[in-house]
1. Return only the number of the condition from (1) surrounded by fewer than 18 Cβ atoms within 10 Å (Cβ to Cβ); (2) within 16 Å of the chain's Cα centre (by Cα) that residue 171 does not satisfy.
2. Is it the case that residue 69 is modelled with pLDDT of 95 or more, closer than 20 Å to residue 98 by Cβ, within 16 Å of the ligand (Cβ to nearest atom) and surrounded by 15 or more Cβ atoms within 10 Å (Cβ to Cβ)?
3. Pick from region 127-143 the residues that are modelled with pLDDT under 95 and buried (at least 19 other Cβ atoms within 10 Å of the Cβ): which of them is nearest to the ligand (Cβ to nearest atom)?
4. Against the definition (within 27 Å of residue 50 (Cα to Cα) and either touching a helix residue (DSSP H, G or I) at 6+ places or on another chain (Cβ under 9 Å) or assigned to a helix (DSSP H, G or I) (or both)), how does residue 172 come out, yes or no?
5. Among the listed residues 77, 61, which satisfies the condition of being at pLDDT below 95 and in contact with a helix residue (DSSP H, G or I) (Cβ under 7 Å, 6 or more places away or on another chain)?
6. Is region 48-60 home to any residue that is away from the ligand (no atom under 16 Å from the Cβ), crowded, with 16+ Cβ neighbours inside 10 Å and within 23 Å of residue 160 (Cα to Cα)?
7. Could you list all residues from region 103-124 that are buried (at least 21 other Cβ atoms within 10 Å of the Cβ) and either modelled with pLDDT of 95 or more or touching a strand residue (DSSP E or B) at 6+ places or on another chain (Cβ under 6 Å) (or both)?
8. Taking the stated definitions as given, is residue 116 closer than 25 Å to residue 44 by Cβ and either within 16 Å of the ligand (Cβ to nearest atom) or more than 13 Å from the chain's Cα centre (by Cα) (or both)?
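The values are calculated or read from the model by the stated rules, or taken from the named source; none is laboratory data. Since the model is a prediction, treat every value here as computed from it, not as a measurement. When we count neighbours, we look across all protein chains shown, and the Cβ atoms used for this are built from the backbone with ideal geometry, even at glycine.
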Ligand code: SF4
């Protein structure tokens, strides 16, 4: 499990921003959109046994209300298009979790003609949770790592996406042949 290391932006973190970051970290709302088989491990988090709401984490049915999108395993090229649409409709600051080995290196689908095998070429991943499939305890640990990054002002993937949109678009268009998304989508 690891966080993508991006330097925090110097001089932009006054007391107000630091307080806002603490509030954000303790109130992560997840867009309920499962992409691969790892999504099945998200369900137990909502039960009394793991109780993710004790950390302020809860599911939302619309990207407009969500802070984080979890790519829950293998991502088909066809699904990538929908995921980009959802991600770009979320309000900034927003975060991405890559769940399962498939998001890191393709996992058991590494040589499939139709899946993505390195998620951070297409989306700014803030935290990866390795495993096939990762247990709920690992996902909670991934959330805690992300919360720490947010509190320290280091979860800046969304900013990286905006500043490097051209690079992301090149990668996205390389695999999505029938590109019909708006060029600026938020
Ligand atoms: S990492 Fe394993 S469990 Fe997760 S999507 Fe890939 S094959 Fe499925």
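1. With (1) surrounded by fewer than 18 Cβ atoms within 10 Å (Cβ to Cβ); (2) within 16 Å of the chain's Cα centre (by Cα) applied to residue 171, the lone miss is (2).
2. Numbers: modelled with pLDDT of 95 or more: yes; closer than 20 Å to residue 98 by Cβ: yes; within 16 Å of the ligand (Cβ to nearest atom): yes; surrounded by 15 or more Cβ atoms within 10 Å (Cβ to Cβ): yes.
Judged against the criteria, residue 69 is a match.
3. By that ranking, first place goes to 133.
4. On the way: within 27 Å of residue 50 (Cα to Cα): no; either touching a helix residue (DSSP H, G or I) at 6+ places or on another chain (Cβ under 9 Å) or assigned to a helix (DSSP H, G or I) (or both): yes.
The answer is no for residue 172.
5. Working: 61 fails: in contact with a helix residue (DSSP H, G or I) (Cβ under 7 Å, 6 or more places away or on another chain).
The match here is 77.
6. The answer is no; no qualifying residue exists.
7. Looking only at region 103-124, we keep the residues that are buried (at least 21 other Cβ atoms within 10 Å of the Cβ), and these are 103, 107, 115-116, 119, 122-124.
Within region 103-124, 103, 115, 116, 119, 122, 123, 124 meet the criteria.
8. Working: closer than 25 Å to residue 44 by Cβ: no; either within 16 Å of the ligand (Cβ to nearest atom) or more than 13 Å from the chain's Cα centre (by Cα) (or both): yes.
So residue 116 fails the test.
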